[in-house]
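The values are calculated or read from the model by the stated rules, or taken from the named source; none is laboratory data. Treat the numbers as computed from the prediction; the structure is a model and nothing was measured. Counting neighbours? That spans all protein chains shown, and the Cβs are built from the backbone with ideal geometry, glycine included. Only protein heavy atoms, including side chains, enter the accessible area calculation; ligands, DNA and RNA are left aside. Shrake-Rupley method; radii C 1.70, N 1.55, O 1.52, S 1.80 Å.
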Amino acid sequence: MVLIRGLKWADMNQLVDNYYSYYDEVRSETPELGLVFYHSKPAFEYEVEWFSNIFKGVISGDVIGMVAEEDGKAIGFCDVHRVMPGYEVSHIGSLGIAIRKEYRGRGIGKMLMKKTIEQCKGNFEMLILGVFTGNQKAISLYEDMGFIEYGILHNAIKRGNKYFDEKRMYLTL
Ligand SMILES: CC(C)(COP(=O)(O)OP(=O)(O)OC[C@H]1O[C@@H](n2cnc3c(N)ncnc32)[C@H](O)[C@@H]1OP(=O)(O)O)[C@@H](O)C(=O)NCCC(=O)NCCS
């Protein structure tokens, strides 16, 4: 049974483990994995900082962080960050989502996204995201949620010596 819920402080270790699993995945199985990575896997202390900043944002109202949980394990995360809090673009939130590989294709991403978008209503007026143009699964999901393309940035991501194009999409809430 999958539970979609808000982020908890206790999620840190599992979310960092998930994040590291995407580094292993892109290196060994899916070189075209549609997430944007650092050049090398960040050390645990940087992950602690990443998580602390997200949690701080949740408390200040600048981040919506939603977790998909199964059997007590956080298996997916969707976060929306206010774009430049305090500036004239702060009505816009930037969305990211990832589900751990073993749990994909079971409708969890869709559930997680629906709930996250619900939570964003009243907090943000518009959501934006970037998706690899080859990531058809994610694109279909975003279109299903009502996201509309507003452009493509060619060669937006450089992974080793390979470039990927990024489709930019928005959703008015
Ligand atoms: C993209 C991702 C979040 C989707 O989560 P998921 O749990 O695998 O997706 P779901 O099972 O909920 O499927 C949601 C929708 O995706 C689309 N979809 C799923 N499998 C698909 C496939 N093989 N081909 C095309 N579309 C597909 C469908 O629109 C589906 O909705 P439907 O079942 O009502 O038709 C997940 O696959 C993931 O984490 N991928 C790796 C990281 C990533 O690419 N993140 C997005 C960065 S922009």
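Report the percentage of all Cα-Cα pairs in the chain whose separation exceeds 20 Å, rounded to a whole percent. Percent of Cα pairs beyond 20 Å in the chain: 54.
Accessible surface ranking for His39, His91, 1.4 angstrom probe, highest first: His39, His91. Taking chymotrypsin sites (Phe, Trp or Tyr not before Pro) in DSSP loop states with no more than 10 other Cβ atoms inside 10 Å as exposed sites, the chain has its longest site-free stretch at 88-173.
The Lys114 and Thr172 beta-carbon pair, evaluated with R₀ = 22 Å, returns a calculated FRET efficiency of approximately 0.85. Take every pair of alpha-carbon atoms less than 8 Å apart whose residues are at least six positions apart; their mean separation over the length of segment 79-173 yields a relative contact order of 26 percent.
Compute, for the chain, the length of the dipole vector about the Cα centre, with Cβ point charges of +1 (Lys, Arg) and -1 (Asp, Glu) only. Units Debye, rounded to 20. Mind showing how you got there, number by number?
Working: 21 positive and 23 negative charges, 42 e Å.
About 200 debye.
Pairs of Lys residues in the chain, spaced 8 or more positions apart or belonging to different chains, with C-alpha separations under 14 angstrom: 6 in total. For the pair Thr133 and Lys162, the difference between a 0.36 nm per residue extended length and the Cα-Cα distance amounts to 9.0 nm.
Using a Förster distance of 22 Å, how high is the FRET efficiency between Asn123 and Tyr23, based on the Cβ-Cβ distance and rounded to 0.05? All intermediate terms of the calculation are to be shown ahead of the outcome.
Details: r = 30 Å, r/R0 = 1.39.
Efficiency, rounded to the nearest 0.05: 0.10.
Tally Lys and Arg at +1 and Asp and Glu at -1 over the other residues with C-beta under 14 Å from the C-beta of Glu166: what net charge comes out? Each step should come with its number before you reach the end.
Working: positive: Lys158, Arg159, Lys162, Lys167, Arg168; negative: Glu32, Glu149, Asp165.
Net of charged neighbours comes to +2.
For segment 39-56, 3J(HN,Hα) computed residue by residue from phi via the Karplus equation (6.51, -1.76, 1.60; θ = phi - 60°) reads 4, 9, 4, x, 5, 4, 4, 6, 5, 4, 5, 4, 5, 4, 5, 5, 5, 4 Hz, glycine and proline entered as x. Remark: the Asn13-Asp71 segment gains 19.3 nm on full extension, using 0.36 nm per residue and subtracting the alpha carbon distance.
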